[in-house]
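Student: Submitted below is the structure of interest, expressed as structure tokens.
The values are calculated or read from the model by the stated rules, or taken from the named source; none is laboratory data. All values reported here derive from a predicted model rather than from experimental measurement. Here the Cβ is made from the backbone with ideal geometry for all residues, glycine too, and neighbour counts use every protein chain on show.
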Amino acid sequence: MTAARRLMVVAAHPDDESMGFGGVLARYASEGVETFLVTATRGGGGRYRGHAAGSGEHPGSAALASLRERELRAAAATLGIHRVDVLDYTDRHLDRVTVDDGVPAIAEHIRRARPHVVLTFAPDGAYGHSDHVAISQLTTAAIVAAADSSFDARGRDLGPAHAVSKLYYLAWDERAWTAYRAAFKKLVFVADGVERQATPWPAWAITTVIDTRQWWQTVWHAVSCHESQVDAYAALKTLRPDQHEALWGSQSFYRAFSLVNAGRQRESDLFEGIDA
């Protein structure tokens, strides 16, 4: 009997799994792939139904974090995710996590789940979000550490070494970002007094495009599970069908490394070259 293929997403916040990776998670789960999600924070630093932290309508960081974890698990169930783990780092402070802490934490989950493929944010954090940038860096390092049987986790037993076959970064193209701008206007993140914003990946740099048209409604149901963030998502309800298709009908990635294939030919399957 052929062993099941395994796919892991490592993300920063609740809702990243749906907004960023929902299409591929839903598709591959429906095809029998074991899907795993590691989320670094519980999202306690965000808004609550549009209300900022400290306002009378906001329940407070701890209560919001608890609520958002429940929403995360509901969304994961909608997407068919096999297992969800939350690392409990502080929202909006993920870039303060040390290598000695964050890399072993992620490497341990990689070794336990033993995925063939790992997905995470690109080094630009999609639109410069510091938590997204940090999770990209930590995950990339953790894949190296997970494969190294001599990796020193300061006495912590991470389990037997495991080499991931392929690592992908999320790589939204101009069409996807145009659809996002139609819903959210301009996605920006301010760090160190500098306003960062989304920059689409050029078409030539995208190595992999996955057809997820059959699962866009599943993705929308998963996004809708994040009710505490409903104000941020309200504009999505007004999008035209072609805009929804641009958001959820396909997902594009950059193949950061692969132990099983290479070359310029664009992939249509994350598991291309892998014999499970």
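Student: Could you grab me the full set of residues in segment 52-86 that are under 14 Å from the mean Cα position of the chain (by Cα) and among the aliphatic types (A, V, I, L, M)?
Tutor: Scanning segment 52-86 gives 72, 75, 76, 79, 81, 84, 86.
Student: Got a sec? Which of 53, 3, 65 is surrounded by fewer than 24 Cβ atoms within 10 Å (Cβ to Cβ), at pLDDT below 95, closer than 29 Å to residue 99 by Cβ and of a type outside the set (D, E, K, R)?
Tutor: Step by step, each of 53, 3, 65 is checked, and only 53 is surrounded by fewer than 24 Cβ atoms within 10 Å (Cβ to Cβ), at pLDDT below 95, closer than 29 Å to residue 99 by Cβ and of a type outside the set (D, E, K, R).
Student: What strands (runs of 3 or more DSSP E), lying completely within segment 84-197, carry at least 1 residues that are modelled with pLDDT of 95 or more and touching a Lys or Arg at 6+ places or on another chain (Cβ under 9 Å)?
Tutor: Output list reads 117-120, 166-170.
Student: In addition: Restricting to segment 134-143, name every residue that is touching a Leu at 6+ places or on another chain (Cβ under 9 Å) and either surrounded by 24 or more Cβ atoms within 10 Å (Cβ to Cβ) or over 14 Å from residue 39 (Cα atoms) (or both).
Tutor: If the condition is that a residue be touching a Leu at 6+ places or on another chain (Cβ under 9 Å) and either surrounded by 24 or more Cβ atoms within 10 Å (Cβ to Cβ) or over 14 Å from residue 39 (Cα atoms) (or both), then 135, 138, 139, 140, 143 are the ones that fit.
Student: Let me ask something else about it. Out of (1) exposed (fewer than 13 other Cβ atoms within 10 Å of the Cβ); (2) under 17 Å from residue 119 (Cα atoms), the odd one out for residue 234 is which?
Tutor: Every condition holds for residue 234 apart from (2).
Student: Does residue 100 satisfy being exposed (fewer than 13 other Cβ atoms within 10 Å of the Cβ) and free of Cβ contacts under 8 Å to residues at least 24 places away in the same chain?
Tutor: So residue 100 fails the test.
Student: Here's a follow-up. Determine whether segment 29-45 contains at least one residue that is in a helix (DSSP H, G or I) and at pLDDT 95 or above.
Tutor: yes
Student: List the number of the failed condition for residue 207; all other conditions in (1) in contact (Cβ under 8 Å) with a residue 12 or more places away in the chain; (2) touching a strand residue (DSSP E or B) at 6+ places or on another chain (Cβ under 8 Å); (3) closer than 24 Å to residue 42 by Cα hold.
Tutor: (3)
Student: Does residue 271 meet the test of being in contact (Cβ under 8 Å) with a residue 40 or more places away in the chain, in a loop (DSSP other than H, G, I, E, B) and within 19 Å of residue 28 (Cα to Cα)?
Tutor: yes
Student: Continuing with this model, one more query. (1) surrounded by 15 or more Cβ atoms within 10 Å (Cβ to Cβ); (2) farther than 21 Å from residue 24 by Cβ: which one isn't true of residue 208, the others all being true?
Tutor: Single failed check for residue 208: (2).
Student: What are the pairs, 6+ residues apart or on separate chains, where a residue within segment 60-85 that is small (Gly, Ala, Ser) has its Cβ under 6 Å from a residue that is surrounded by 17 or more Cβ atoms within 10 Å (Cβ to Cβ) and in a helix (DSSP H, G or I)?
Tutor: 75/18; 75/222; 80/29
Student: Any idea which of 266, 240, 213 is in contact (Cβ under 8 Å) with a residue 60 or more places away in the chain and either over 21 Å from the mean Cα position of the chain (by Cα) or on the phi < 0 side of the Ramachandran plot (or both)?
Tutor: None of the other options fit; the residue is 266.
Student: Restricting attention to segment 186-201, and to residues there that are over 19 Å from the mean Cα position of the chain (by Cα) and touching a residue at least 24 places away in the same chain (Cβ under 8 Å), which single residue is nearest to residue 18 (Cα to Cα)?
Tutor: 196
Student: Scan (1) surrounded by fewer than 18 Cβ atoms within 10 Å (Cβ to Cβ); (2) not in a strand (DSSP E or B) for the single condition residue 75 breaks and write down its number.
Tutor: Unmet for residue 75, out of (1) surrounded by fewer than 18 Cβ atoms within 10 Å (Cβ to Cβ); (2) not in a strand (DSSP E or B): (1).
Student: Right, something else. Residue by residue through segment 244-263, note down the ones that are in a strand (DSSP E or B), under 18 Å from the mean Cα position of the chain (by Cα) and crowded, with 18+ Cβ neighbours inside 10 Å.
Tutor: 250, 251, 252, 253, 255, 256
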